[in-house]
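Asks: The structure is given below, and queries will be raised subsequently.
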Amino acid sequence: MAQHRGRRRPAGGGRAGRGIQKKQQLGAGRARRDDRGSADRLRCLGSRLPVRRVAAAAWDTRGARGGPGAGPVRSGRAAAASRGRAGRCRRRLPVRVRPDRLPAGGRVLRGVAAARRGRTSVTLIDLGELAEPTDLELPRRRRPPSTRRWGAGVVALVVLLTLAGAAPPAVRVHATLPGNSASDLILTEGHIFVVTPVPGVTDGTQELVAYPRPVRATVTPQRLVPLWRVPVPTGRRIIRAESVDDLGVLVSTARTRVVGPTNTAETVLLDVRTGQQRWRAPGIATVDASGRVLLRTFAVEEPTTLAAVELATGRELWSTSVPAAWMEYAERDGVIDAVVVSTTAGDIEVLDAATGARRHRLPALDDLAGYQSGSVVGDLLLVIRNSRRITAYDLDGLVQRWQATMPLTDYVTGCGDLLCARSSSGGGAHLLDPDTGAAGWSSTDEVDIVLVATGHALAVIGTGSGLDVVAVDAATGKKLTDYGTWALVNSYAYRPQLLGVRVVPEVGLVLARFDPAEPQPRRVDVLAGAVDGCQYGYGLIACRREDGSLGVWQLRDGEGRA
């Protein structure tokens, strides 16, 4: 776990420092009265003493590089001056002490030792001015020889990382939570939840632990105290947890193994103050701003049940059974307005989310011979047939807008100004105009397009935790900037920027924001002690720490809640 850098106090600022300073002043006056020349020579002795030996008593240092008790590190200029004084002093040594000033024991007691033994004659050791520690220069990451050369953008990024040096920690909102490698963290609007193995149990039993969001700014991370904890039913895993105002938290679970053709999902509403169950219903829950909860069941051989219930009580408002192959929700102003269902026969239906009544129906096409899927982006329903043909419809009336044929594609998402068509089997990524369906840049490589704005696209190349982030021209695919390798931060909602982190040894993670409209990433924060597994949502960023615990930070740059 990276050591936290504490706020340093200047030399002589503490009680011990003031005592030593007082004795030094008395000794200095006596030395001037007795022998003004000897003070200069003794000052040379001080220049040859290691600074660390005295600094621990005169300067309260908490959190320097060496940890508690480690003294300050001299800057290059201060060290050079010290060496110069030492060179001059060697020509003037040894120091002759007047015989009439020798103590009875025949030794000269220097500095603090003399003061402690009650001697009236204290030899002054002038340490000179203690230099402040220099800023930590962060090591620069060396790319493997086989990768491409970095451009000017990456050079600027290295400078950015160097500026992320270790400064004394400022007051901020941050906290830690207990956890381990098997713990999962869930951020919500009102709480933080951790799904973790029950302590002392080895059979895989888990529990859901609720914590308050940190709101108090502190220098060191505060340790959050659990509000309540409830066991997770044996053989089930938590899929979703969501705070719902002051009513409680909706928790949806499913079986870890699908056994039989029946539904495996269910949702419970837990009291926000105690964790006690208020109601339970089958299906995975999705809640919107209307106070209505939509529940969808999952079964292998049974029809899908779609229902709406009242949030406060769990009372059913309506329910319908459909042989659904896939299902999408369409939102307007934060409220689920419609449910789009594709049946196993290939029909497409649009249902009213308030009543469950069918609004529109699109019959199956005669030439449908393969897989059919769809997604909702804004006011568009995008249907992919046979993994190649994409057809766009207006949600209101299912009127066709355009049709395009692409390489292997099985889902479409919004990615800023354009649409991104992708394949989950590694077929690359393709850009489409949402108004006309005109194709933009297309790639069949292992690449994923994340954001598009002002004619530029942010793309990530590779797999795993380290991904190469590049900016390309959205029309031609020409590479504009190579930002280097970053680990992406998972987000709970769509954002017009991309967040990435990179390890800074002995510090933590530097957090940067990528915007396709900007030529360089912007450094957002430095997350002390963090190592990986970062996620962002609702104004907080959470990461795993070196010791396995979980850290939560409120971003410094005024990021909005998402």
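The values are calculated or read from the model by the stated rules, or taken from the named source; none is laboratory data. Model, not experiment: these values are computed from the prediction. Virtual Cβ from ideal backbone geometry, glycine too; neighbours counted across all protein chains shown. Heads up: the accessible areas ignore ligands, DNA and RNA and are worked out on the full protein's heavy atoms, side chains in. Shrake-Rupley method; radii C 1.70, N 1.55, O 1.52, S 1.80 Å.
Asks: Condition first: open to solvent by less than 20 Å² (accessible area, probe 1.4 Å) and at positive phi. Can you find one or more residues in region 495-503 that meet it? Walk me through it before giving the result.
Replies: Of region 495-503, the ones open to solvent by less than 20 Å² (accessible area, probe 1.4 Å) are 498-502.
So of that shortlist, the ones also at positive phi come out as none.
No: region 495-503 contains no residue that is open to solvent by less than 20 Å² (accessible area, probe 1.4 Å) and at positive phi.
Asks: Answer with yes or no whether Val526 is in a strand (DSSP E or B) and free of Cβ contacts under 8 Å to residues at least 40 places away in the same chain. Full working, then the answer.
Replies: Values: in a strand (DSSP E or B): yes; free of Cβ contacts under 8 Å to residues at least 40 places away in the same chain: no.
So Val526 fails the test.
Asks: Checking Leu365 against (1) open to solvent by 50 Å² or more (accessible area, probe 1.4 Å); (2) in a strand (DSSP E or B), which single condition isn't satisfied?
Replies: (2)
Asks: For Asp435, only one of the following conditions fails: (1) in a loop (DSSP other than H, G, I, E, B); (2) closer than 16 Å to Ile449 by Cβ; (3) free of Cβ contacts under 8 Å to residues at least 40 places away in the same chain; (4) not polar (S, T, N, Q). What is its number?
Replies: (2)
Asks: Then there's this: Name the single residue, out of those in region 482-494 being assigned to a strand (DSSP E or B) and open to solvent by 40 Å² or more (accessible area, probe 1.4 Å), that is nearest to Ile449 (Cα to Cα).
Replies: Step one: filter region 482-494 for residues assigned to a strand (DSSP E or B), giving 482-488, 490-491.
Next, only the ones that are open to solvent by 40 Å² or more (accessible area, probe 1.4 Å) stay: 488, 490-491.
Numbers: Leu488: 13, Asn490: 15, Ser491: 16 Å.
Across region 482-494, the extreme among qualifying residues is Leu488.
Asks: How many residues does region 319-362 hold that are open to solvent by 50 Å² or more (accessible area, probe 1.4 Å), under 38 Å from the mean Cα position of the chain (by Cα) and of a type outside the set (Asp, Glu)?
Replies: Total meeting the criteria: 4.
Asks: Another question, then. Go through region 390-416 and give me each residue that's farther than 18 Å from Val340 by Cβ and either in contact with a His (Cβ under 8 Å, 6 or more places away or on another chain) or surrounded by 18 or more Cβ atoms within 10 Å (Cβ to Cβ) (or both).
Replies: Ala404, Met406, Pro407, Thr409, Cys415, Gly416
Asks: Ala392 is checked against (1) closer than 21 Å to Leu306 by Cα; (2) in contact (Cβ under 8 Å) with a residue 12 or more places away in the chain and fails just one. What number does that condition carry?
Replies: Single failed check for Ala392: (1).
Asks: In region 382-390, is there at least one residue being over 18 Å from Phe514 (Cβ atoms), more than 36 Å from the chain's Cα centre (by Cα) and either outside any loop (DSSP other than H, G, I, E, B) or small (Gly, Ala, Ser) (or both)?
Replies: Restricting attention to region 382-390, the residues satisfying the condition of being over 18 Å from Phe514 (Cβ atoms) are 382-390.
Next, only the ones that are more than 36 Å from the chain's Cα centre (by Cα) stay: 385-386, 388-389.
Still in the list and also either outside any loop (DSSP other than H, G, I, E, B) or small (Gly, Ala, Ser) (or both): 385, 389.
Yes, that holds for at least one residue.
Residues are listed down the side, and each one gets a yes or a no for (1) under 10 Å from the mean Cα position of the chain (by Cα); (2) on the phi > 0 side of the Ramachandran plot; (3) surrounded by fewer than 19 Cβ atoms within 10 Å (Cβ to Cβ):
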| position | (1), (2), (3) |
| --- | --- |
| Gly508 | no, yes, no |
| Pro516 | no, no, no |
| Val526 | yes, no, no |
| Ala530 | yes, no, no |
| Gln535 | yes, no, yes |
| Gly551 | yes, no, no |
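Asks: Report those strands (runs of 3 or more DSSP E) wholly inside region 204-318 carrying at least 1 residues which are out of contact with any helix residue (DSSP H, G or I) (no Cβ under 7 Å at 6 or more places or on another chain), buried (at least 16 other Cβ atoms within 10 Å of the Cβ) and of a type in the set (S, T, N, Q).
Replies: Details: elements: 206-212, 228-231, 236-244, 248-255, 265-271, 277-282, 284-287, 292-296, 304-310.
Ranges flagged: 206-212, 236-244, 248-255, 265-271, 284-287, 304-310.
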